[in-house]
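Visitor: First, the structure itself, so that you have it in front of you.
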Amino acid sequence: MAETKGMSAAQRVADIRQHIVKAQESPLAARSVTLLAASKSQPREAIAEAYAAGIRDFGENRVQEAAAKWGAIRADFPDIRLHLIGPLQTNKLREAVALFDVIQTVDREKLALGLAAEMRRQGRALPCYIQVNTGEEPQKAGVPPALAPAFIRSCRAAGLEVAGLMCVPPAGQHAAPHFALLARLAQAQGVAGLSMGMSGDYETAVRLGATCIRLGRTLFGGRP
Ligand SMILES: *Cc1c(COP(=O)(O)O)cnc(C)c1O
């Protein structure tokens, strides 16, 4: 990860965008890559700086923290898209569907059915990503790769818009095989979006076709 402390948010974003453009020289890269700011535990000032630097997509991990934080400041950033990038419990569906614009962590039948029902109830059809546990780690969220095709079909049958696949590769492993696996799954299922790549590996993710990279530390210059 590049050393970004001491740089302004605008400099950091410009620096990241340069790295993205370079990685887009890869033949597998997507033409357009959304730079999502993973803003967990970041205060309003940091969010405002990222916004001023052109960021319009923000990701939060916890429904409760996001509701408390963004409820008060959302009106100041009217044209942002708020993504849920952490686990969603079925008892938080109502709040999540009301607050978020994209749900990136759909990974089980009960959640998919609950989301579809709640979206109909609120009249809000949110794009969803299916989280895939590419490393098949027992403690990690996500559907196992082998079950992903059937799960994607059942999400679509339930009425969800499957906009993409999302993964968080195992810590301490090379991320590239995980990104490649996610890209293959998406292509085989006709899914357009690929949310993959974080501060340490986003260039690799872009080279392998990411359409959305989720950056925390390298974008905000650290985490409080
Ligand atoms: C925190 C987080 C990120 C960003 O991580 P960094 O390493 O700080 O860039 C991305 N995705 C998810 C799901 C996260 O929880």
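The values are calculated or read from the model by the stated rules, or taken from the named source; none is laboratory data. Just so it is clear, the model here is predicted, and its values are computed rather than measured. Please note: Cβ atoms are built from the backbone with ideal geometry, for glycine as well, and neighbour counts cover all protein chains shown. SASA here: full protein model, heavy atoms, side chains in, ligands and nucleic acids out. Shrake-Rupley method; radii C 1.70, N 1.55, O 1.52, S 1.80 Å.
Visitor: Checking the structure you have, find out if any residue of region 177-196 is open to solvent by less than 40 Å² (accessible area, probe 1.4 Å), within 11 Å of the ligand (Cβ to nearest atom) and farther than 19 Å from residue 143 by Cβ.
Guide: Looking for residues that are open to solvent by less than 40 Å² (accessible area, probe 1.4 Å), within 11 Å of the ligand (Cβ to nearest atom) and farther than 19 Å from residue 143 by Cβ, one finds none in region 177-196, hence no.
Visitor: Please work out if residue 209 is surrounded by fewer than 19 Cβ atoms within 10 Å (Cβ to Cβ), of a type outside the set (Val, Ile, Thr), more than 30 Å from residue 98 (Cβ to Cβ) and within 16 Å of the chain's Cα centre (by Cα). Write out each step before concluding.
Guide: Working: surrounded by fewer than 19 Cβ atoms within 10 Å (Cβ to Cβ): no; of a type outside the set (Val, Ile, Thr): yes; more than 30 Å from residue 98 (Cβ to Cβ): yes; within 16 Å of the chain's Cα centre (by Cα): yes.
For residue 209, the condition - surrounded by fewer than 19 Cβ atoms within 10 Å (Cβ to Cβ), of a type outside the set (Val, Ile, Thr), more than 30 Å from residue 98 (Cβ to Cβ) and within 16 Å of the chain's Cα centre (by Cα) - is not met.
Visitor: Here are the criteria: (1) surrounded by fewer than 18 Cβ atoms within 10 Å (Cβ to Cβ); (2) under 17 Å from the mean Cα position of the chain (by Cα); (3) within 17 Å of residue 216 (Cβ to Cβ); (4) more than 13 Å from the ligand (Cβ to nearest atom). Tell me which single one residue 33 does not satisfy.
Guide: (1)
Visitor: Here is a follow-up. Which one of these is more than 16 Å from the ligand (Cβ to nearest atom) and among the charged types (D, E, K, R): 156, 214? Steps first, answer last, please.
Guide: Numbers: 214 fails: more than 16 Å from the ligand (Cβ to nearest atom).
Checking each option against the conditions leaves just 156.
Visitor: Suppose we filter 78, 43 for residues that are modelled with pLDDT under 95 and either closer than 25 Å to residue 194 by Cβ or within 16 Å of the ligand (Cβ to nearest atom) (or both); which single one remains?
Guide: 43
Visitor: Out of all the residues in region 105-118, which are charged (D, E, K, R), part of a helix (DSSP H, G or I) and open to solvent by less than 70 Å² (accessible area, probe 1.4 Å)? Break it down stepwise before answering.
Guide: At the first step, the residues of region 105-118 found to be charged (D, E, K, R) are 107-110, 118.
Among the residues that remain, those that are also part of a helix (DSSP H, G or I) are: 109-110, 118.
Of everything in region 105-118, just one residue is charged (D, E, K, R), part of a helix (DSSP H, G or I) and open to solvent by less than 70 Å² (accessible area, probe 1.4 Å), namely 118.
Visitor: Taking region 53-75, which residues are open to solvent by 60 Å² or more (accessible area, probe 1.4 Å), outside any loop (DSSP other than H, G, I, E, B) and either within 16 Å of the ligand (Cβ to nearest atom) or in contact with a helix residue (DSSP H, G or I) (Cβ under 6 Å, 6 or more places away or on another chain) (or both)?
Guide: Answer for region 53-75, where residues must be open to solvent by 60 Å² or more (accessible area, probe 1.4 Å), outside any loop (DSSP other than H, G, I, E, B) and either within 16 Å of the ligand (Cβ to nearest atom) or in contact with a helix residue (DSSP H, G or I) (Cβ under 6 Å, 6 or more places away or on another chain) (or both): 64, 65.
Visitor: Here's another thing I want to ask about it. Can you tell me which residue among 48, 38, 9 is open to solvent by less than 40 Å² (accessible area, probe 1.4 Å) and at pLDDT below 95? Steps first, please.
Guide: On the way: 48 fails: at pLDDT below 95; 38 fails: at pLDDT below 95.
Matching residue, one of 48, 38, 9: 9.
Visitor: A follow-up question, please. Does region 185-195 contain any residue that is without any contact (Cβ under 8 Å) to a residue 12 or more places away in the chain and either farther than 16 Å from residue 213 by Cα or of a type in the set (Phe, Trp, Tyr) (or both)?
Guide: At the first step, the residues of region 185-195 found to be without any contact (Cβ under 8 Å) to a residue 12 or more places away in the chain are 187, 190.
Keeping just the survivors that are either farther than 16 Å from residue 213 by Cα or of a type in the set (Phe, Trp, Tyr) (or both) gives 187, 190.
Yes, region 185-195 contains at least one residue that is without any contact (Cβ under 8 Å) to a residue 12 or more places away in the chain and either farther than 16 Å from residue 213 by Cα or of a type in the set (Phe, Trp, Tyr) (or both).
Visitor: What pairs come up if the first residue lies in region 82-102 and is of a type in the set (Ser, Thr, Tyr), the second is in a helix (DSSP H, G or I), and their beta carbons are under 9 Å apart, counting only those six or more places apart or on different chains?
Guide: Final answer for the pair search is 90/110; 90/111; 90/114; 90/115.
Visitor: Here are some conditions: (1) touching a helix residue (DSSP H, G or I) at 6+ places or on another chain (Cβ under 9 Å); (2) not in a helix (DSSP H, G or I). Residue 78 meets all but one. Which one does it not meet?
Guide: (1)
Visitor: Also, quick follow-up: Quick one: in region 81-104, which of the residues that are among the polar types (S, T, N, Q) and surrounded by fewer than 23 Cβ atoms within 10 Å (Cβ to Cβ) is nearest to the ligand (Cβ to nearest atom)?
Guide: So, considering only residues that are among the polar types (S, T, N, Q) and surrounded by fewer than 23 Cβ atoms within 10 Å (Cβ to Cβ), the one nearest to the ligand (Cβ to nearest atom) is 89.
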